[in-house]
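Here the structure comes first, spelled out in structure tokens, and everything after it is commentary.
All of the numbers you see were taken from the coordinates with simple rules; none came from a lab. Only a predicted model underlies this, so the values are computations on that prediction, with no experimental measurement involved. Using ideal geometry, Cβ is built from the backbone for each residue, glycine included, and neighbour counts are taken over all protein chains shown.
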Amino acid sequence: MAKLKKSPWLLHYDGSSCNGCDIEVLAALTPVYDAERFGVMNTGDPLQADIFLITGGINTQNKDVVKQLYDQMPRPKVVVAVGVCACTGGVFKDCYNILGGADSVIPVDIYVPGCAARPQAIIDGVVQAVELLEKRSEEHKAMKKNKKKGA
Amino acid sequence: MNMILRIVGYIVLAPIIGGLLEGIDRKISAKMQRRVGPPILQPFYDVKKLFNKQVILVSRSQTFALISYLALMILTGAMFYAGMDILMCFFVMSTAATALYFAAMVTSSPYATMGANRELIQMMAYEPAVLLSCVGFYLAEGTFNVNEIAGSGKLDIIFLPGFFVAFVFILTIKMRKSPFDIATSHHMHQELVKGLTTEMGARNLAIFQVTEWYENVFLMGVVGLFFINGSYISVIYAIVAILLVYFLEILIDNTSARMKWENMLKITWIVTLFTAGVNLLVLMLVRVA
Ligand code: SF4
């Protein structure tokens, strides 16, 4: 635990989910599961977020929004798809307006299955995301150093 | 020499104390909500992380405005702990707040702009109480000089209970606590997103955070000034008072929902005028008699 990055801030975006997964994401922040003990904070601001939690599939209207949010997040960042809808499109897959899972527009790092995904699974996904974030931040540091040397 | 030592002490220790206070704040808040809560050092982890993130700037001048905010706030606190004029300290603090306003305004983001405008309204709400407190100190001690007020041998709180109530009341605004956290929202997903700080990310948000710590330590110093009279035992009174006030702020934060700015302005002015005003009248009468 000591090596994990200690302050992952979440950005939670509801794609075209049925809201089931969103309720579970919020449940993870309630006193019962208390994600804040890991330093997790739910921020509404992409500029300040480290982990992008996305629920629900991508449709023709929100694909630009999701891309935009992803681009606004500073590196290092990790994307977590919560629920089968965000993973593959789920029960809505064959709808006329659904393009597929979150990975149809942005690179997804961690897939949390379930319909709806359970809070335990979501926290587990976030903890894995934090590990990945740690790795990414090393890469980011190395990249910054290289840039400085190059300049 | 002593003065330089105190200034250096403030510059070095204030962020540490401010960060710890915020950590304890978050822990106590969590306990009040029956959660485990983050570790006490969490605010430091947050700031360290923010410094290591990629810097995306909406506007370059934001960094400049934020650094001015930090520098002016350090100046405020340093002047206060060095024992200079208290009125001057509060003027510099207002200038610092203006720098923060510009830091949010330059981004021209709707949320940040709205937050910045509300910050100005907040200033309007707390400024009377702040100035009246200075007047109170002057009436009680005959001086604005912090050193002389602290070393006079008089226990100011006995003369200034009304001013103290008014000052503690506006602390809720200055510390950005609910119900008066109208310029920024500490909790996610409110109508302002993050208000004033919406367009601050990475390094800039870290600067903002550290400045808040400096500010809190300065404000707590003013709370302490009501209790200090130069003797050693009064320092203990001051520390107890500061901790109690801080706890009160956390309690208020956790038990109230945020207000509309109109109500905030009304309530703070009424409370200020009533408590500080009555206290002022009594002090004047005593002086005349
Ligand atoms: S995975 Fe299930 S619960 Fe979650 S958004 Fe999709 S349909 Fe709803």
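What to note about this one:
- Less than 5 angstrom separates the built amide H of B:Leu155 from none of the residues sequence-distant by 5 or more or on a different chain.
- Cα long-axis angle, helix B:261-271 against chain B (0 to 90 degrees, to the nearest 10): 10
- Across peptide A:137-143, the mean count of Cβ atoms from other chains lying within 10 Å of each residue's own Cβ comes to 1.
- Per residue of peptide A:37-44, the mean number of Cβ atoms on other chains within 10 Å of the residue Cβ is 6.
- Cα Rg over Rh - the range B:15-117, Kirkwood: 1.05
- The range B:134-154-the range B:23-68 distance, computed between alpha-carbon centres (Å): 36
- Taken about its Cα centre, the protein assembly as shown carries a charge dipole of roughly 980 debye when the Cβ of each Lys and Arg holds +1 and the Cβ of each Asp and Glu holds -1.
- Cα centroid separation - the range B:212-256 against the range A:73-151, whole Å: 44
- Beta bridges per DSSP, both residues in the protein assembly as shown: antiparallel share near 20 percent.
- For the peptides B:227-234, A:84-91, B:265-272, residues were scored by their other Cβ atoms within 10 Å and the scores averaged per peptide; the highest-first order is A:84-91, B:265-272, B:227-234.
- Degrees separating the helix B:60-82 axis from the principal Cα axis of chain B, which is the longest one: 20
- Using C-alpha pairs below 8 Å separated by at least 6 residues, the relative contact order for chain B is 25 percent.
- Within straight-line reach of B:Lys27, meaning a Cα separation under 21 Å, sit the following lysines at least 8 residues removed in sequence or on another chain: A:Lys5, A:Lys6, B:Lys48, B:Lys49, B:Lys174, B:Lys177.
- Listed peptides A:63-73, B:110-120 by packing density, highest first (mean Cβ within 10 Å): B:110-120, A:63-73
- Cα-projected label distance for B:Val55 with B:Phe247, points at 7 Å along beta-carbon direction, nm: 4.2
- DSSP beta bridges confined to the range A:9-150 are antiparallel in about 15 percent of cases.
- Against chain B, whose longest principal axis is taken from its Cα atoms, helix B:202-225 shows a tilt of about 10°.
- Spin-label model, A:Lys141 to B:Leu285: label points 7 Å out along the Cα-to-beta-carbon direction sit 6.6 nm apart.
- Distance in nm between pseudo-label sites at A:Lys93 and B:Ser108 (7 Å out along the Cβ direction from Cα): 4.6
- Mean per-residue shielding of peptide B:52-61 is 4, counting Cβ atoms of other chains within 10 Å of each Cβ.
- Two-site FRET efficiency, B:Lys266 against B:Phe91, from Cβ-Cβ distance with R₀ of 30 Å, rounded to 0.05: 0.70
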